[in-house]
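**Q** Quick one: the structure is below, and I'll ask about it shortly.
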Amino acid sequence: MVLAWDYCGACTSCKAGKVLYCLNFFLHNFHGARPDGTTTLRKGDQVVHGSFFCQSSFADFALANERNVVKVQDDAPLEVLAPMGCGVMTGAGAVMNALQPRPGASIAYHLNILGECRSDWQSDLLLPLLFEKIPHIPFIIVEDALSANAPHIRKLQRHKLHFILGVKPGDHAHLFDYVAQAHARGDTTEFERQVAGVTQRFRYLNDAPLNASNLDVRVNFLEYWEIQGNQVQHFTWITDFHHPRQCPHVDARGPRPLED
């Protein structure tokens with residue numbers, strides 16, 4: 001069996017065959033219980049809320065609805081089928097069916113990580129599928145600091161994907177020390193600009209080693225401050241873009257092109 005999301009089957013969207021747009025989607029998938037309020041889990045007499053996507057399937061056993069359970073053949077490859085309910089039906093489907101990008105368009109694609117295994121199947125299964133369907137679209141992979149590791153970066157490079165990955169001093173101490181030393185020598189590129197009363201400050205360094213154990217994995221380091229009065233926001237990333245003006249501006253509000 002493989003699992004997907006639930007839907008009511010009775011609203012106008014469901015009757016039109018567009019179950020993803022079920023008018024009662026949140027009640028069936030994010031309510032923490034069945035639509036009638038009863039729960040599928042308990043610990044003794046204690047009520048335990050679950051039913052995420054009408055399944056809460058991170059367990060040996062799960063209660064689901066016949067609508068979101070699909071029977072498959074015994075020899076079906078589970079490593080391929082498992083991500084279908086989320087990564088392909090929502091991720092690839094959103095790109096191919098809703099966005100329908102035309103030649104010349106770009107896509108910033110965020111890989112939503114729930115452990116290293118999810119990163120693996122999204123890059124190994126979902127991305128090749130998108131390449132096949134829309135080969136004319138250049139991709140930029142945007143991920144958080146959990147993905148800023150050598151095996152994953154090598155995988156992105158193997159797929160010839162542009163990437164922007166968050167990094168943190170605590171997890172990437174060698175990288176930040178390397179950048180600090182380069183800054184002290186005057187080897188970093190820095191510039192600042194004013195936009196609508198906000199100071200945007202950038203620091204950039206090309207060809208930095210990811211960490212001490214993977215000196216051969218070279219990345220470009222981008223540091224960004226957004227200053228407005230006494231409020232300061234600070235972000236750091238690694239990327240394969242070679243100059244900050246080539247790199248989409250990615251902060252808490254998402255990726256946007258840097259425009260002078």
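The values are calculated or read from the model by the stated rules, or taken from the named source; none is laboratory data. All figures in this text were calculated on a predicted structure; none of them were measured in a lab. Using ideal geometry, Cβ is built from the backbone for each residue, glycine included, and neighbour counts are taken over all protein chains shown.
**Q** Going by the structure shown, is ARG218 basic (Lys, Arg), assigned to a strand (DSSP E or B) and either touching a residue at least 24 places away in the same chain (Cβ under 8 Å) or surrounded by 18 or more Cβ atoms within 10 Å (Cβ to Cβ) (or both)?
**A** Considered against the rule, which asks whether it is basic (Lys, Arg), assigned to a strand (DSSP E or B) and either touching a residue at least 24 places away in the same chain (Cβ under 8 Å) or surrounded by 18 or more Cβ atoms within 10 Å (Cβ to Cβ) (or both), ARG218 comes out as no.
**Q** Take the residues of region 162-181 that are among the aliphatic types (A, V, I, L, M) and surrounded by 18 or more Cβ atoms within 10 Å (Cβ to Cβ): which is farthest from the chain's Cα centre (by Cα)?
**A** Residue satisfying both the conditions and the ranking: VAL179.
**Q** A further question on this structure: Which of the residues that make up region 57-86 are among the small types (Gly, Ala, Ser) and either part of a helix (DSSP H, G or I) or in contact with a strand residue (DSSP E or B) (Cβ under 7 Å, 6 or more places away or on another chain) (or both)?
**A** Within region 57-86, SER57, ALA64, ALA82, GLY85 meet the criteria.
**Q** I'd like the residue in region 166-184 that is among the charged types (D, E, K, R) and in contact (Cβ under 8 Å) with a residue 24 or more places away in the chain and, out of all such residues, is farthest from ASN214 (Cα to Cα).
**A** LYS168
**Q** Which pairs turn up if I take residues in region 61-77 that are assigned by TED's automatic domain parsing to the domain that holds PHE30 and within 17 Å of LEU20 (Cβ to Cβ) and look for partners that are exposed (fewer than 15 other Cβ atoms within 10 Å of the Cβ) and modelled with pLDDT of 85 or more with beta carbon separation below 7 Å, at least 6 apart in sequence or on another chain?
**A** Within 7 Å, the pairs are ARG67/GLY9.
**Q** Right, another one. Restrict the check to region 96-119 and report whether at least one residue is surrounded by 15 or more Cβ atoms within 10 Å (Cβ to Cβ), farther than 29 Å from LEU210 by Cβ and modelled with pLDDT under 70.
**A** no
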